[in-house]
Amino acid sequence: MDSSDLQKLAQRTRSLRETGMTLVVVSLLLTAFLFIPLAPKKMPPSSSITVATSTEPSAFTQVPLEAQAAIVYDLATGETLYEKNADAQLPLASLTKILAVYAALIQLSLDTPITIPADVVRLEGPRTFSAGQIFSLSDLARLTLTASLNDGAAAIIEATAASQNRSQNEALAAAAAALNLSQTYAVNGSGLDMSTNISGGYGSARDIARLAGALIAESPTIAEATTQSFAEAVSAGGTHFKVKNTDPMIDTIPHLLFSKTGFTDLAGGNLVLVFDSGIQHPIAVVVLGSSKNARFTDGTALVAATLAHFAGISSL
């Protein structure tokens, strides 16, 4: 065998050796893939995972309510913290008076004189005025909302409607429209039932929460009067009036900003409470269609649940 043949044989041997080595490496790699478990797939950060959870805060889940409808509405953020049939349109009873006063506040000045007309002193009670007596809008509104006076509410909406050359229904409807209260309308300013099946006013818990917030913003002093045990005022003729608050639980609600009760045969027991849950953080609690007594226990339960919600606990 000559030298050229030896070189060819050497090259062939090197080639076979290299091929063999390659096969060994490939075999080892295949073995690794077959027998070594793959690393788990990396999951995205937990903050990017959307987990389906209940939107109802745990503090409200066990709140027993007799009311047909209710809401806990954050007036600072517009967030609904709790709701039960919150958009159902129900009889308002004397909560209608809030709309009547708000209608006056957006049209008249606080010192506008309001004369008590003869027709309103014959309304079903509670009432306290005599025909011809004159009060500033501010004083009459404070007395009316605190003691839920039907004659006062009727006088306020009558004067407001006359100032606009409108009917009372139109004046009330304009006030509701100004706040986009889609479920709210009234046929009188007091909320007294018109008959055994027609209420003086209708609205939803959500609408009333927003209405109460708007009244507080429009006149904090009138709203504040509803948080006191009594409201007092003197008529233009010098007669002094002192009326009692219809809400017996005003002293039990912390940082109360507004309170209004309502009750008729059609409506059942209604209640609005607005309280400050923190620094300038007003919360509205509305109860509709409860009973005369349970409206207060319903309201208390929702206030307690709200405070627990902000404290981050399930109950107080």
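No lab work stands behind these numbers, since they all come straight from the coordinates. Only a predicted model underlies this, so the values are computations on that prediction, with no experimental measurement involved. Cβ placement follows ideal geometry from the backbone for every residue including glycine, while neighbour counts extend to all protein chains displayed.
What to note about this one:
- The radius of gyration of the Cα set in segment 141-196, together with its Dmax, comes out at 11.5, 32 angstrom.
- In segment 219-316, trypsin sites (Lys or Arg not before Pro) in a DSSP loop with at most 11 other beta-carbon atoms within 10 Å: 292
- Per-residue HN-Hα couplings for segment 75-81 [Karplus 6.51, -1.76, 1.60; θ = phi - 60°; Hz; x = Gly/Pro]: 6, 6, 10, x, 8, 8, 7
- Base-10 log of normalised Debye intensity for segment 64-206 (one unit scatterer per alpha-carbon) at q = 0.19 Å⁻¹: -1.10
- Local electrostatic count at residue 172 - Lys and Arg +1, Asp and Glu -1, tallied over other residues with Cβ under 14 Å: -1
- Debye log10 I(q)/I(0) for segment 77-116, one point scatterer per Cα, at q = 0.36 Å⁻¹: -1.10
- Per-selection Kirkwood Rh - segment 252-316 (Cα, Å, 1 d.p.): 12.2 Å
- With both labels modelled 7 Å from their Cα along Cα-to-Cβ, the residue 165 to residue 62 distance reads 6.2 nm.
- Taking the inverse of the mean reciprocal distance over all distinct Cα pairs, the Kirkwood hydrodynamic radius of segment 59-311 comes to 17.7 Å.
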